[in-house]
Amino acid sequence: MKFQINPLASDIFISIYVVATLYFRVKIQNDLPIGPAFSLLIGLLFVLFLWALIKVKVLNPNWFGLFNVNKT
């Protein structure tokens, strides 16, 4: 049995994750003397982790219902 999170909880998790990682990147970049390329690499790793969770269907984003298509 796979572990899956429902769409609304996935959307909330993704939103919190993105805000937290952006805060972390800005804080690290201000506290430590790292260049923009390293900051982009860290951001890419955070996005790849999020992409992997979506790809293995742990997260099921619904984009807060913005792109609901009525199927008739």
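The values are calculated or read from the model by the stated rules, or taken from the named source; none is laboratory data. Since the structure is predicted, the reported quantities are computational estimates derived from the model, not experimental observations. Methodologically, a virtual Cβ is constructed for each residue, glycine included, from the backbone with ideal geometry; neighbour enumeration extends over all protein chains shown. These accessible areas exclude ligands, DNA and RNA; they are computed on the full protein's heavy atoms, side chains included. Shrake-Rupley method; radii C 1.70, N 1.55, O 1.52, S 1.80 Å.
List every residue pair whose Cβ atoms lie under 9 Å apart, where the two residues are 6 or more positions apart in sequence or sit on different chains, the first residue falls within region 35-61 and is on the phi > 0 side of the Ramachandran plot, and the second residue, located anywhere, is surrounded by fewer than 15 Cβ atoms within 10 Å (Cβ to Cβ) and of a type outside the set (A, V, I, L, M, F, W, C). Between residues of region 35-61 that are on the phi > 0 side of the Ramachandran plot and residues that are surrounded by fewer than 15 Cβ atoms within 10 Å (Cβ to Cβ) and of a type outside the set (A, V, I, L, M, F, W, C), the close pairs are LYS57/LYS2; LYS57/GLN4.
Tell me which residues, restricted to region 26-37, are assigned to a helix (DSSP H, G or I) and either open to solvent by less than 60 Å² (accessible area, probe 1.4 Å) or more than 28 Å from VAL58 (Cα to Cα) (or both). Matches in region 26-37: LYS27, ILE28, GLN29, ASN30, ASP31, PRO36, ALA37. Checked against the criteria, VAL56 counts as open to solvent by 40 Å² or more (accessible area, probe 1.4 Å), at pLDDT 90 or above and not aromatic (Phe, Trp, Tyr). The one condition from (1) under 24 Å from GLY65 (Cβ atoms); (2) at pLDDT 90 or above; (3) open to solvent by less than 80 Å² (accessible area, probe 1.4 Å) that PRO7 does not meet is (2).
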